[in-house]
Amino acid sequence: MTQIYREHLDFMEEAKEAFEKNERLETYRNADDTLIALRYGLDRDCIDVYKLGEGIGFFANIMRKAPPLYVGDSHES
């Protein structure tokens with residue numbers, strides 16, 4: 001089982017801030033490129049953290065719900 005350390009929780013908070021500042025952001029990496037956070041969940045309000053491909057933790061329902069993503073041609077009516 002993977003241990004969650006303070007550095008992982010600190011990074012999760014850093015990623016949370018980045019995601020909350022930019023609702024379209026789906027991934028976030030730390031400055032050293034050793035950790036990556038993925039926006040996740042039906043409401044895009046969860047963060048999944050990985051270290052070099054190894055799962056660190058899935059932090060469910062910790063952010064406010066993000067608006068749904070709309071994929072399509074911006075010229076459609």
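The values are calculated or read from the model by the stated rules, or taken from the named source; none is laboratory data. All values reported here derive from a predicted model rather than from experimental measurement. Cβ placement follows ideal geometry from the backbone for every residue including glycine, while neighbour counts extend to all protein chains displayed. The area values use the complete protein model at the heavy-atom level, side chains included, leaving out ligands, DNA and RNA. Shrake-Rupley method; radii C 1.70, N 1.55, O 1.52, S 1.80 Å.
Residue check: is residue 33 at pLDDT below 90 and of a type in the set (Asp, Glu)? So residue 33 passes the test. In the range 33-51, the residues that are touching a residue at least 40 places away in the same chain (Cβ under 8 Å) form Cβ pairs under 9 Å with partners that are of a type outside the set (A, V, I, L, M, F, W, C) and assigned to a loop (DSSP other than H, G, I, E, B), at six or more places apart or across chains, as follows: 51/2; 51/34. The criterion of being open to solvent by less than 80 Å² (accessible area, probe 1.4 Å), at pLDDT 95 or above, on the phi < 0 side of the Ramachandran plot and not small (Gly, Ala, Ser) does not hold for residue 63.
Filtering the range 1-29 to residues that are touching an Asp or Glu at 6+ places or on another chain (Cβ under 8 Å) and either modelled with pLDDT under 95 or open to solvent by 90 Å² or more (accessible area, probe 1.4 Å) (or both) leaves only 2.
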